[in-house]
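Here the structure is laid out as C-alpha cells; the discussion comes afterwards.
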C-alpha cells in the first residue's frame, strides 16, 4: 500500500529537473527495514553492556523484522483505532531473558531501536510527508514503548515463575 506522490512545485524539484517522491513514514520504514536492522546492530555492537551476551546475527536481530512490522502496521491504523498488543514483543521478552539479558539491557536495546528508526527517517526527510511527520514520530515512540512494556511484562512473569519454582524445590 504505497502512497507516493510526485512533487511538482519548485520546492520539490532536485537540480536537473527530477522531482522528489513524497512518501508516508510507514512506506519509508517498510523500504528501509533491512538498513534499520543493520544500523541497529552497529549501534548495539558499540554497547559493551549488550555485547557481553554473545549472540549470532540471527539471535540478536531475528526479532526486529516482527517488531518493525508492528510499528509499520501501527502507523497505518486509522486515527482512534486501538493498537493490538505486540505478540512479537512478548516473545522477545521471553527470548532475551533466556539469553541472559537484564531488564536494563532490554531497555537499552529498545532505546537504540527508537534512535535507529528516527535516524532512518532523518536520512529520508526530503521524501517524507512533512505534515504527518511529528504525529508519526509520536506513534513510533508510543509503539516502541508499548512493545518494551510487553517485553518487560513477559520478562518479569518468567522471573516470578522461576522464583516460585526455585522456592518450591
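Out of 42, 83, I need the residue that is at pLDDT 90 or above and under 20 Å from the mean Cα position of the chain (by Cα). Which one? Even if it seems obvious, please write down each step before you answer.
Values: 83 fails: at pLDDT 90 or above.
42 is the lone residue from the list that is at pLDDT 90 or above and under 20 Å from the mean Cα position of the chain (by Cα).
Has region 155-168 got at least one residue that is crowded, with 17+ Cβ neighbours inside 10 Å, touching a residue at least 40 places away in the same chain (Cβ under 8 Å), within 16 Å of the chain's Cα centre (by Cα) and in a helix (DSSP H, G or I)? Please lay out each step first, then the result.
Of all residues in region 155-168, those crowded, with 17+ Cβ neighbours inside 10 Å come to 155.
If we keep only those that are touching a residue at least 40 places away in the same chain (Cβ under 8 Å) too, we end up with 155.
With within 16 Å of the chain's Cα centre (by Cα) added as a condition, the list becomes none.
Within region 155-168, none of the residues are crowded, with 17+ Cβ neighbours inside 10 Å, touching a residue at least 40 places away in the same chain (Cβ under 8 Å), within 16 Å of the chain's Cα centre (by Cα) and in a helix (DSSP H, G or I).
Residues are listed down the side, and each one gets a yes or a no for (1) over 16 Å from the mean Cα position of the chain (by Cα); (2) touching a residue at least 12 places away in the same chain (Cβ under 8 Å); (3) surrounded by 15 or more Cβ atoms within 10 Å (Cβ to Cβ); (4) closer than 17 Å to residue 60 by Cα:
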position	(1), (2), (3), (4)
103	yes, yes, yes, yes
107	no, yes, no, yes
112	no, yes, yes, yes
116	no, yes, yes, yes
125	yes, no, no, no
128	yes, yes, yes, no
132	yes, yes, no, no
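Return the pairs, sorted by first residue and then second, in which the second residue is at pLDDT below 90 and in a loop (DSSP other than H, G, I, E, B), the first residue lies in region 62-86 and is more than 22 Å from residue 115 (Cα to Cα), the beta carbons are less than 8 Å apart, and the residues are 6+ apart or on different chains.
77/83
The values are calculated or read from the model by the stated rules, or taken from the named source; none is laboratory data. Quick caveat: nothing in here was measured; it's all calculated off a predicted structure. Cβ sites come from the backbone with ideal geometry, for glycine too, and all protein chains shown count toward neighbours.
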